[in-house]
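Engineer: The structure is given below, and queries will be raised subsequently.
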Amino acid sequence: MILPVYLYNHTILREKTQPVNQMNDETQQFISNMFETMTQAYGIGLAANQVGDKRSIIVVDITDPEDETPPQIPPTVFINPIIEKYSEDLIDYEEGCLSVPKFRDKVFRPDAVRVKYFDKNMNEQIIEAEGILARVLQHEIDHLNGIYFFDRLSAVRKTLAQGKLRKIMRGDIIPDYEYTLGNQ
């Protein structure tokens, strides 16, 4: 089932999510719905609060059907993810967000991270990630903490972004995917 993606300035996107303490059928179905929603919206990561849920869950799929190189990981769910370690090397890379349609900007982030999380069976895992996987994990974990990617921009870049953010809030900018909820 496709879930509605909440757009910029909806209050749930600024709230911290709550830990998941146990797995059940409803949570498994929700995770499946998150993957389906992310795929439908052409995303590579999605946080639960982006679809109106307060659980600390993200889904990631960085596979590229046109790339013959195997991805760092297959499509994966991260439950209660916490970044334990960041590399010192910062890399700038253009980011976008399903909740902030048609707005992209370069964000400096550590190139590698170590993340502790629980898998779909609630087994604790640790992953060492670099490159695009590290970036997606940081971006989505930020969402779980109520942080947008543009919060990490310089003061000048934030100021320049204000006009586009106002257009998103007014509904003047429409996502390329369906099933959205406005910024109520």
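Engineer: Distance in nm between label sites at residue 145 and residue 120, each 7 Å beyond Cα in the beta-carbon direction?
Structural biologist: Each label point lies 7 Å from its Cα, and together they span 2.8 nm.
Engineer: Would you mind listing how long the chain runs along its three principal axes, going by Cα atoms, in whole Å with the largest first?
Structural biologist: Sorted from largest, the Cα extents of the chain read 44, 38, 34 Å.
Engineer: Rank-order 87-98, 140-151 by packing density, defined as the average count of other C-beta atoms within 10 Å over each peptide's residues, highest first.
Structural biologist: Listed from highest to lowest mean packing, they are 140-151, 87-98.
Engineer: Can you tell me which of 37-43, 2-8 comes out highest on packing, and rank the rest after it, using the mean Cβ neighbours within 10 Å?
Structural biologist: Descending mean neighbour count gives 2-8, 37-43.
Engineer: Roughly how many Å is it from the Cα centre of region 115-150 to that of region 37-100, as a whole number?
Structural biologist: What the calculation gives is 7 Å, centre to centre.
Engineer: If you don't mind, there's one more thing I want to ask. Can you work out ³J(HN,Hα) from phi for every residue in region 153-170, in order, using Karplus 6.51 cos²θ - 1.76 cosθ + 1.60 and θ = phi - 60°, giving whole Hz and x for Gly and Pro?
Structural biologist: Once rounded to whole Hz, the list reads 7, 5, 4, 5, 5, 4, 4, 5, 6, 4, x, 5, 5, 5, 5, 5, 4, 6.
Engineer: Which of the lysines could a cross-linker span from residue 116 if the Cα-Cα distance has to be under 16 Å and same-chain partners fewer than 8 positions apart are dropped?
Structural biologist: Residue 116 reaches 85.
Engineer: Please give every one of the lysines within straight-line cross-link reach of residue 167, meaning a C-alpha to C-alpha distance under 18 Å, and leave out same-chain neighbours fewer than 8 residues apart.
Structural biologist: In chain and number order, the partners are 102, 158.
Engineer: In addition: For a test of the definition: using alpha carbon positions, the gyration tensor, and the 1.5 limit on a/c, classify region 48-150 as rounded, prolate or oblate.
Structural biologist: Cα axes put region 48-150 in the rounded bin.
FYI, it's all coordinate maths here, none of it is from the lab. Note that this is a predicted model, so its numbers are computed, not measured. We place every Cβ from the backbone using ideal geometry, glycine too, and count neighbours over all the protein chains shown.
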